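This report concerns only the one structure given below.
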Amino acid sequence: MATVGFLHTAHAHVRAFRDLLNERDDTVADRHLVDTGLLTTARDRGIDSVRPALADRLRRLVGEGADVVVCTCSTVGPTAKAVGAEMGLRVVRVDRPMAEAAVLAGRRIAVVSSLDEAAATVLPLLRECAETTGRAVQLIEVRCPDTFSSFESGDVLTYTTGVAEAVRTQVRALDPPVDVVVLAQASMVDAAPLLRDLHVPVLTSPRLAIEAAVELVTSLRGFAARP
């Protein structure tokens, strides 16, 4: 059976990504590994400090049958992908499919983050995707750093409403207006429905990452099955 593994840095992501995968294709199995210490260590000691741990977690997911792994943390995602490549494993950065969609959606892009580390990975990714597609984009940062402590404590509702309020206030004040809003972290997914009144696309990473992972694991399994 085709299997997608998920490497999380928050327990709250397990159910969300499992539900999205089942909704997209219930014939694909899922495996989940949560290590909250990865994000904490990366923030405290730098991203290179978690490379050995990332390699270990990826091996564990492969040992449980994962054909493809989605790293659901924007902060450690680039390093997880690099470590996976060294191991010959396909790792999907949760934010890449969203970034690819964002640069096609408009020129002025509001990029929302509650962690500096997430902004430091997503902004270069958006620039890379824009360059690859030949698009000229303007990235406008929207920061809401005071909200993340609520997510860390498990109060997702307060986090979500706090993110939505910060986005609404800052985006409405922009002149000229933006064409699209990118919620840079998977943790922000529930804020999107609260922002319909902005009347611009609000992109989140989980569903798009699931789409990319299912397409990849299906193609890999199909190739392996060829005579």
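Which numbered condition in (1) of a type outside the set (A, V, I, L, M); (2) closer than 18 Å to R107 by Cα; (3) crowded, with 17+ Cβ neighbours inside 10 Å is the only one that P176 fails?
So P176 meets the others, but not (3).
Scan segment 25-48 residue by residue and report those that are more than 16 Å from E152 (Cα to Cα) and surrounded by 15 or more Cβ atoms within 10 Å (Cβ to Cβ).
Those that are more than 16 Å from E152 (Cα to Cα) and surrounded by 15 or more Cβ atoms within 10 Å (Cβ to Cβ): D25, V28, A29, D30, R31, H32, L33, I47.
Step by step: first the residues of segment 107-132, then only those that are hydroxyl-bearing (S, T, Y) and open to solvent by 10 Å² or more (accessible area, probe 1.4 Å), then the one that is farthest from Y159 (Cα to Cα). Which residue is that?
Going through the qualifying residues, I end up with T132.
For (1) hydrophobic (A, V, I, L, M, F, W, C); (2) within 25 Å of H32 (Cβ to Cβ), each residue gets a yes or a no:
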| residue | (1), (2) |
| --- | --- |
| R93 | no, yes |
| M98 | yes, yes |
| A105 | yes, no |
| S113 | no, yes |
| A119 | yes, no |
| P124 | no, no |
| T132 | no, no |
| S149 | no, yes |
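Among the candidates G77, G65, G84, single out the residue that is at negative phi, touching a residue at least 40 places away in the same chain (Cβ under 8 Å), small (G, A, S) and open to solvent by less than 60 Å² (accessible area, probe 1.4 Å).
Of the residues listed, the single one that is at negative phi, touching a residue at least 40 places away in the same chain (Cβ under 8 Å), small (G, A, S) and open to solvent by less than 60 Å² (accessible area, probe 1.4 Å) is G77.
Determine which single condition A191 fails, assuming it passes every other condition in (1) aliphatic (A, V, I, L, M); (2) more than 27 Å from L21 (Cβ to Cβ); (3) in contact with a helix residue (DSSP H, G or I) (Cβ under 9 Å, 6 or more places away or on another chain).
(2)
Cβ contacts < 7 Å: first residue without any contact (Cβ under 8 Å) to a residue 24 or more places away in the chain, restricted to segment 18-43; second residue among the hydroxyl-bearing types (S, T, Y) and open to solvent by less than 70 Å² (accessible area, probe 1.4 Å), any location; separation 6+ or different chain. Result?
Sorted first by the residue in segment 18-43, then by its partner, the pairs are T41/S49.
Can you tell me which residue among A212, A186 is closer than 23 Å to D30 by Cα and open to solvent by 10 Å² or more (accessible area, probe 1.4 Å)?
A212
The values are calculated or read from the model by the stated rules, or taken from the named source; none is laboratory data. It should be emphasised that the depicted structure is a prediction, and the values quoted were computed from it without experimental measurement. Note that each Cβ is placed from the backbone with ideal geometry, even for glycine, and that neighbours are counted across all protein chains shown. These area figures cover heavy atoms from the full protein model, side chains too; ligands, DNA and RNA do not enter into them. Shrake-Rupley method; radii C 1.70, N 1.55, O 1.52, S 1.80 Å.
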